[in-house]
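> Have a look at the structure that comes next, please.
The values are calculated or read from the model by the stated rules, or taken from the named source; none is laboratory data. Because the structure is predicted, anything quoted here is derived from the model rather than measured. A quick note on method: Cβ atoms are made from the backbone with ideal geometry, for glycine too, and the neighbour counts reach across all protein chains shown.
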């Protein structure tokens, strides 16, 4: 079983997020980068599948500038067998279809049985990469997996639906599955893993610019959400209070 | 006195028993040699004075339980005297008409001492046996849920009974023998006890007296020979193994500053200890030095609050495991059973707050805490088996450079509104002020950092802070067992230190203090580091600041483990508190200074929770409340957080409040 895990490096949830001067992205110089947390679950799931199978290969693939080597090493330390870095300039791609195409062109070469990705990235949160890759490579595709069972040439996936519902689906391999966070407990690398990771291969691939671009989406401006506090003291008799609360919930906050 | 046949029997018995004892000791030391870090006999023997002093002074016994310690000293001193007594008695048996310095003042003093100490030993041992078997002193028991070897459960009682009975029979017979000798010859006022006893034999036939003399002689000396083969593996061997262990004790800069691991060395395959043979030989010796007094668990925060850890059980399990596998180990066979199956459970390993109480009070120099630190290294670095919360802490330290997981860009936010010079601007300062992660991110910690810089500014100290360039020292990582992460953090800080010029580091965090001062030295980074209690104490002493006394209510001081036991600083914080007391007094808690009871946060326990048993901070807070002091003075941000939580959860927060000593002084300077 040959498994690819797509891993992205994103700003940590507690990181400072200053905007870049042109307000098209963030100023990365003071950002603390971490492995995209949903991808960490995907990686763990891949490692568990490999361990359960008793054989196979887990290849971690990431796209970005040289800083992303850190997350690839981290994944290798946890047990991935080798890494691939799709090289990118500091101005990272934000259009999902372009991202999907770039990954697909690299994945195509390797004939993976399974492509796992986190359901979305913590930075742009598009949630499309796994699905797009499945489509581009002609793989069966499922999203939001909360349980996986690999069988002979197929995979059974429990998908999370809304309102507490879930769905079991069986897909033929190869498949591209996006993984919901929390389905496992990601491991901490052992020292042997950390040491071993230094010797594992990270293949750097520089894609030629043509063919992969779609430019269906572009990032025009980013801004920090404005937060404001409003307080209203509702007074009057019970009926008036209830009426006002219902009014606020309906019209102002729009939750009912 | 002895007949020819008796002499032959004695000599043969002596040869056999000494031989058997010697062989067993040999096997024990061969078993010990399965450990790492071979005992360096040359260095150990160089410490002979240390061992002898500990043996004769019995000093290490008086740190806690002074009364029991004194009774033990009677037995120990008496027993030392008995080494001479036994030789003299053998000569008496073998050489007809032999008498040791008869009618001589020294001979009489000798006899007086023997007489008195025989009675003291008998009293002492009877008391010890009564304490264990009749009074059932709880301090000698090891309570659930601690894992204790099946063999130890019955073995300890048997061993105690056998050793106790042996001493009573040996010394008692010797005493009787002396009384029969007196009855047989003449009154001897240099032996008042035996003399009185001899009165009982008046009226006995001379033949019977001679026979009794033979019997008691054999009871005294024959018994000692019969005991010899059992002696090495009994806990009684502590009288030899104890001082030896003190002599062999590893010299550390502070008790948790264990030897560093060289990650560059490719030949190392095992990090930390998961099997007996991964422990250093001095640590294996600990098991044989242990007399099972369990002083170490008296104020072990984990044991007292009912968790799975008892440092005493750890050592007892070690001894029984060594004995059980003695043949294999002596043959150099490694036993492939994890320490967590027989020495201490995994949860026990995580329950340790590394407060150092066990190491501090052990009369024979055992270091159970070091075993725990090594076991943790294995669990973290080799097996990745440790509390999930600790894993998150590691990741936060790796990603953000602090265990809170907050942005490194926010580290210097606590300085807002304060005049705090930055190293990156100043490049050089007399004092590098190290706020530490808690001093930078925790809301109470920030107030304490502000108080420290207020004091420094008032004193006109030339200082600067690293601000956002500061990163966690790695203390928690090291104590939890992640040596690799610790060294990574240390390396990062070293690079920052190298950029600037400063004479010393001042910090209010005892964890940063000991790590920078002692643990970094293990990595070759020598720094002069001062705790804020010491620094402020000196500022007061040199009159750089003169805080106005303002405290009219009583204050009690909670000793931080890493300032007190780990670095022997008990006076500085107390001096600082004294400087602001007006009508109030400093009240000591039931356990203070070297016997202080931990707040529960040390050893990484700040970041994960062991749920078994009571909460450590609540237990400590009860002791603070008992002093009736209105203020608990702290000198550690972790202690501050833990005790504040303890006060709140026990409903004492309205009555008692917590202040850092820097805040107290700062208030005294503003008034």
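> Please find, among B:420, B:455, the residue that is in contact with a helix residue (DSSP H, G or I) (Cβ under 6 Å, 6 or more places away or on another chain) and assigned to a loop (DSSP other than H, G, I, E, B). I'd like the intermediate steps shown before the answer.
Numbers: B:455 fails: assigned to a loop (DSSP other than H, G, I, E, B).
Unique residue meeting the criteria: B:420.
> So, of the residues in region A:170-184 that are modelled with pLDDT of 95 or more and more than 15 Å from the chain's Cα centre (by Cα), which turns out to be surrounded by the fewest Cβ atoms within 10 Å (Cβ to Cβ)?
Taking the candidates together, the pick is A:172.
> Could you tell me whether region B:386-400 includes any residue that is touching a residue at least 12 places away in the same chain (Cβ under 8 Å), in contact with a helix residue (DSSP H, G or I) (Cβ under 8 Å, 6 or more places away or on another chain), surrounded by fewer than 20 Cβ atoms within 10 Å (Cβ to Cβ) and not assigned by TED's automatic domain parsing to the domain that holds residue B:604?
Among the residues of region B:386-400, at least one is touching a residue at least 12 places away in the same chain (Cβ under 8 Å), in contact with a helix residue (DSSP H, G or I) (Cβ under 8 Å, 6 or more places away or on another chain), surrounded by fewer than 20 Cβ atoms within 10 Å (Cβ to Cβ) and not assigned by TED's automatic domain parsing to the domain that holds residue B:604, which makes the answer yes.
> Now for a different question. Can you name the residue in region B:592-612 that is crowded, with 18+ Cβ neighbours inside 10 Å and out of contact with any helix residue (DSSP H, G or I) (no Cβ under 6 Å at 6 or more places or on another chain) and is also farthest from residue B:303 (Cα to Cα) among such residues?
B:592
> Go through region A:212-256 and give me each residue that's in contact with a helix residue (DSSP H, G or I) (Cβ under 9 Å, 6 or more places away or on another chain), under 26 Å from residue A:123 (Cα atoms) and surrounded by 10 or more Cβ atoms within 10 Å (Cβ to Cβ).
Correct list: A:212, A:213, A:214, A:217.
> In region B:312-324, is there at least one residue being outside the structural domain of residue B:166 (by TED's automatic domain parsing) and more than 23 Å from residue B:38 (Cα to Cα)?
First pass over region B:312-324, keeping only residues outside the structural domain of residue B:166 (by TED's automatic domain parsing): B:312-324.
Still in the running and more than 23 Å from residue B:38 (Cα to Cα): B:312-313.
Yes: region B:312-324 contains one or more residues that are outside the structural domain of residue B:166 (by TED's automatic domain parsing) and more than 23 Å from residue B:38 (Cα to Cα).
> Could we say that residue A:113 is within 14 Å of chain B (Cβ to nearest Cβ) and crowded, with 17+ Cβ neighbours inside 10 Å here? Talk me through it step by step, then tell me what you get.
Details: within 14 Å of chain B (Cβ to nearest Cβ): no; crowded, with 17+ Cβ neighbours inside 10 Å: yes.
In short, no.
> Mind listing whichever residues of region B:384-394 are at the interface with another protein chain (Cβ under 9 Å from one of its Cβ atoms), in a helix (DSSP H, G or I) and farther than 13 Å from residue B:479 by Cβ?
B:388, B:391, listed by residue number.
> When you look at residue B:415, is it surrounded by 24 or more Cβ atoms within 10 Å (Cβ to Cβ) and either within 13 Å of chain A (Cβ to nearest Cβ) or farther than 21 Å from residue B:529 by Cα (or both), yes or no?
Against the criterion (surrounded by 24 or more Cβ atoms within 10 Å (Cβ to Cβ) and either within 13 Å of chain A (Cβ to nearest Cβ) or farther than 21 Å from residue B:529 by Cα (or both)), residue B:415 does not qualify.
> Which ones in region B:472-487 are more than 20 Å from residue B:352 (Cα to Cα) and free of Cβ contacts under 8 Å to residues at least 60 places away in the same chain?
Within region B:472-487, B:473 is the sole residue that qualifies.
Residue-wise test of (1) closer than 26 Å to residue A:84 by Cα; (2) more than 14 Å from chain B (Cβ to nearest Cβ).
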| position | (1), (2) |
| --- | --- |
| A:158 | no, yes |
| A:163 | no, yes |
| A:166 | no, yes |
| A:198 | yes, no |
| A:205 | yes, yes |
| A:208 | yes, yes |
| A:241 | no, yes |
| A:248 | no, yes |
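> May I ask you to say which residue of B:363, B:403 is within 14 Å of chain A (Cβ to nearest Cβ), part of a loop (DSSP other than H, G, I, E, B) and either at pLDDT below 95 or buried (at least 24 other Cβ atoms within 10 Å of the Cβ) (or both)? Let's see the steps before the verdict.
Numbers: B:363 fails: within 14 Å of chain A (Cβ to nearest Cβ).
Just one listed residue meets the conditions, B:403.
> (1) farther than 24 Å from residue B:158 by Cβ; (2) crowded, with 18+ Cβ neighbours inside 10 Å: which one isn't true of residue B:125, the others all being true?
(1)
> Is it the case, given these coordinates, that residue A:150 is over 15 Å from the mean Cα position of the chain (by Cα), farther than 19 Å from residue A:57 by Cα and either in a strand (DSSP E or B) or in contact (Cβ under 8 Å) with a residue 12 or more places away in the chain (or both)?
Spelling it out, it is not the case that residue A:150 is over 15 Å from the mean Cα position of the chain (by Cα), farther than 19 Å from residue A:57 by Cα and either in a strand (DSSP E or B) or in contact (Cβ under 8 Å) with a residue 12 or more places away in the chain (or both).
> In addition: Only one of (1) touching a helix residue (DSSP H, G or I) at 6+ places or on another chain (Cβ under 9 Å); (2) away from every other protein chain (no Cβ under 14 Å); (3) surrounded by 23 or more Cβ atoms within 10 Å (Cβ to Cβ) fails for residue A:108. Which number is that?
Of everything listed in (1) touching a helix residue (DSSP H, G or I) at 6+ places or on another chain (Cβ under 9 Å); (2) away from every other protein chain (no Cβ under 14 Å); (3) surrounded by 23 or more Cβ atoms within 10 Å (Cβ to Cβ), residue A:108 misses just condition (3).
> How many residues does region B:497-516 contain that are part of a helix (DSSP H, G or I) and surrounded by fewer than 24 Cβ atoms within 10 Å (Cβ to Cβ)? Even if it seems obvious, please write down each step before you answer.
Residues of region B:497-516 that are part of a helix (DSSP H, G or I), as a first pass: B:497-499, B:510-516.
Next cut, surrounded by fewer than 24 Cβ atoms within 10 Å (Cβ to Cβ) only: B:497-499.
Residues in region B:497-516 being part of a helix (DSSP H, G or I) and surrounded by fewer than 24 Cβ atoms within 10 Å (Cβ to Cβ): 3 in total.
> Quick one: which residue in B:397, B:381, B:369 is within 10 Å of chain A (Cβ to nearest Cβ), within 36 Å of the chain's Cα centre (by Cα) and closer than 26 Å to residue B:261 by Cβ?
Going through B:397, B:381, B:369 in turn, the sole match is B:381.
> Sort out which residues of region A:27-66 are within 13 Å of chain B (Cβ to nearest Cβ) and closer than 20 Å to residue B:405 by Cα, and write them in order of number.
Residues satisfying the conditions are A:28, A:29, A:30, A:31, A:32, A:33, A:34, A:35, A:36, A:37, A:40.
> So how many residues does region A:184-193 have that are facing chain B (nearest Cβ under 7 Å) and either more than 15 Å from residue B:379 (Cα to Cα) or touching a strand residue (DSSP E or B) at 6+ places or on another chain (Cβ under 6 Å) (or both)?
1
> Mind listing whichever residues of region B:322-332 are surrounded by 13 or more Cβ atoms within 10 Å (Cβ to Cβ) and either farther than 18 Å from residue B:285 by Cβ or touching a helix residue (DSSP H, G or I) at 6+ places or on another chain (Cβ under 6 Å) (or both)?
Within region B:322-332, B:322, B:323, B:326, B:328, B:329, B:330 qualify.
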